[in-house]
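S.K.: Below: one structure in structure tokens.
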Amino acid sequence: MSEILQRLSAHRLVPVVVLDDAAHAAGLADALVAGGLPVAEVTFRTAAAPDAIRAMADRGDVLVGAGTVLTPAQVDQAVAAGASFVVSPGTSRAVVERCQEHGVLALPGAVTASEVMAALELGVTTVKFFPAGTSGGAPAIAALAAPFGDVGFVPTGGVGPGNLHEYLAIPSVRAVGGSWMVPRDLVRAGELTAVKDLTAAAVALAAA
């Protein structure tokens, strides 16, 4: 699990993907790899998620996780499909414990001190800060980092090119999740060159 977290931290960006058809997964993976960001959080917001995760994970060159995971059953589906990490919008003991049973990294959502403490009690060291934009943004993370010095954060929701560096400048931010480089409409339309270009631009921005 620590190795997966290290890889996410190295990339600094986690594309949050919504796929309406698992048939689009291979092309999207090609675009992400070509754009220099071989990472994807495939959300369980559509029925295509398990098959899409499997298609991307089977390649071996993309770090694939499952997002919007709300139940232990979805954890089972995600892990069976090949997900290396599981992201949830909130902190669920049942979801975190199922991830631990499978030996996969859990990134539960937490935006308050109480939620961070609840995650810590479950053995979690890094949380998803969601929705970041409406939960105080980068200043809120910086404030939480003071009492929780060993906790890592992955802000997601309302993050884009305009405020990316506000988050990445905080030492406790391990990576930032976002969908601006993988717009659902472009993926659905097969505009994968545009996705590759957006991904490459995001990678360059994060490195600047």
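S.K.: As an exercise: evaluate Val96 against (1) open to solvent by less than 60 Å² (accessible area, probe 1.4 Å); (2) outside any helix (DSSP H, G or I) and give the number of the one condition it does not meet.
M.R.: Evaluating Val96 over (1) open to solvent by less than 60 Å² (accessible area, probe 1.4 Å); (2) outside any helix (DSSP H, G or I) leaves (2) as the failure.
S.K.: From Gly157, Gly137, Gly152, grab the single residue that is of a type outside the set (Asp, Glu) and farther than 30 Å from Glu101 by Cβ. Can you show your working first?
M.R.: Numbers: Gly157 fails: farther than 30 Å from Glu101 by Cβ; Gly152 fails: farther than 30 Å from Glu101 by Cβ.
The match here is Gly137.
S.K.: Sticking with this one: Output the residues belonging to the stretch 118-158 that are open to solvent by 50 Å² or more (accessible area, probe 1.4 Å) and among the charged types (D, E, K, R).
M.R.: Glu121, Asp150
Here is a yes/no grid of residues against (1) surrounded by 16 or more Cβ atoms within 10 Å (Cβ to Cβ); (2) part of a loop (DSSP other than H, G, I, E, B):
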residue	(1), (2)
Ala23	no, no
Ala40	yes, no
Pro50	yes, no
Ala66	yes, no
Asp76	no, no
Val79	yes, no
Pro89	yes, yes
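S.K.: Sticking with this one: Across the stretch 1-20, what is the number of residues that are among the charged types (D, E, K, R) and open to solvent by 70 Å² or more (accessible area, probe 1.4 Å)?
M.R.: The initial filter retains those residues of the stretch 1-20 that are among the charged types (D, E, K, R), namely 3, 7, 12, 20.
Those still in the list that are open to solvent by 70 Å² or more (accessible area, probe 1.4 Å) too: 3, 7.
Total meeting the criteria: 2.
Residues checked against (1) surrounded by fewer than 17 Cβ atoms within 10 Å (Cβ to Cβ); (2) in a helix (DSSP H, G or I); (3) free of Cβ contacts under 8 Å to residues at least 40 places away in the same chain:
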position: Gly160; (1), (2), (3): yes, no, yes
position: Tyr167; (1), (2), (3): no, yes, yes
position: Gly177; (1), (2), (3): no, no, no
position: Val182; (1), (2), (3): no, no, no
position: Arg188; (1), (2), (3): yes, yes, no
position: Ala194; (1), (2), (3): yes, yes, yes
position: Thr199; (1), (2), (3): no, yes, no
position: Ala204; (1), (2), (3): yes, yes, yes
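S.K.: Can I ask one more? What about Glu115, is it within 21 Å of Ala175 (Cα to Cα), open to solvent by 30 Å² or more (accessible area, probe 1.4 Å) and either modelled with pLDDT of 95 or more or part of a helix (DSSP H, G or I) (or both)? Walk me through it before giving the result.
M.R.: Details: within 21 Å of Ala175 (Cα to Cα): yes; open to solvent by 30 Å² or more (accessible area, probe 1.4 Å): yes; either modelled with pLDDT of 95 or more or part of a helix (DSSP H, G or I) (or both): yes.
In short, yes.
The values are calculated or read from the model by the stated rules, or taken from the named source; none is laboratory data. Everything numeric in this text was worked out from a predicted model, so none of it was measured. When we count neighbours, we look across all protein chains shown, and the Cβ atoms used for this are built from the backbone with ideal geometry, even at glycine. Heavy atoms of the whole protein, side chains included, go into the accessibility calculation; ligands, DNA and RNA do not. Shrake-Rupley method; radii C 1.70, N 1.55, O 1.52, S 1.80 Å.
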